[in-house]
1. Where the only charges are on Cβ atoms (+1 Lys, Arg; -1 Asp, Glu), what is the dipole of the chain about its Cα centre, to the nearest 20 debye?
2. Within the range 1-41, list the residues whose amide N lies under 16 Å from a label point set 7 Å along Cα→Cβ of A74.
3. How big is the range 34-115 by the Kirkwood estimate over distinct Cα pairs, in Å?
4. Compute the accessible area per residue over the chain, keeping the other protein chains in place, probe 1.4 Å, unit Å².
5. Relative contact order (percent) for the range 15-107, with alpha-carbon contacts under 8 angstrom and 6 or more residues of separation?
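The values are calculated or read from the model by the stated rules, or taken from the named source; none is laboratory data. All figures in this text were calculated on a predicted structure; none of them were measured in a lab. Here the Cβ positions follow ideal geometry from the backbone for every residue, glycine too, while neighbour counts run over all protein chains shown. Remember, those area values only see protein heavy atoms, side chains included, never the ligands or the DNA or RNA. Shrake-Rupley method; radii C 1.70, N 1.55, O 1.52, S 1.80 Å.
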Amino acid sequence: QVQLVESGGGFVQPGGSLRLSCVASRNIFSIYAMGWYRQAPGKQRELVAAIGRGGTTTYVDSVKGRFTISGDNAKETVYLQMNSLKPEDTAVYYCSLTTLDGTTWGQGTQVTVSS
């Protein structure tokens, strides 16, 4: 079973930047999409950004213009560049990978934005 390994979370002051990385543990045939979700305390998990075949991207409105998703399906990697971070971006961020067989989740990485 494939595993997703995330890195890059941490503590940053408002206005700062972080870059999240996610890599799969093995080669995967026919990835439909990779993405990043987040879950803040007391809130539901929400999609932050996703990248599909051909590089099509989608973002939640609250991060448009500040976050950029990129990736390489051939290398089973996805990144999330987060700029101009706000306290409301504080959450556990989860990497996801979707294939014909379903969606696999990473273990999550904490992002805390605070002064």
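1. On the way: 10 positive and 8 negative charges, 21 e Å.
Dipole of the chain, to the nearest 20 debye: 100 debye.
2. 27-31
3. Numbers: mean 1/r = 0.0759 Å⁻¹.
Computed over the range 34-115, the radius equals 13.2 Å.
4. On the way: 6210 Å² over 115 residues.
So the chain comes to 54 Å² accessible per residue, rounded to a whole number.
5. Numbers: 175 pairs, mean separation 35.4, N = 93.
Relative CO of the range 15-107 lands at 38 percent.
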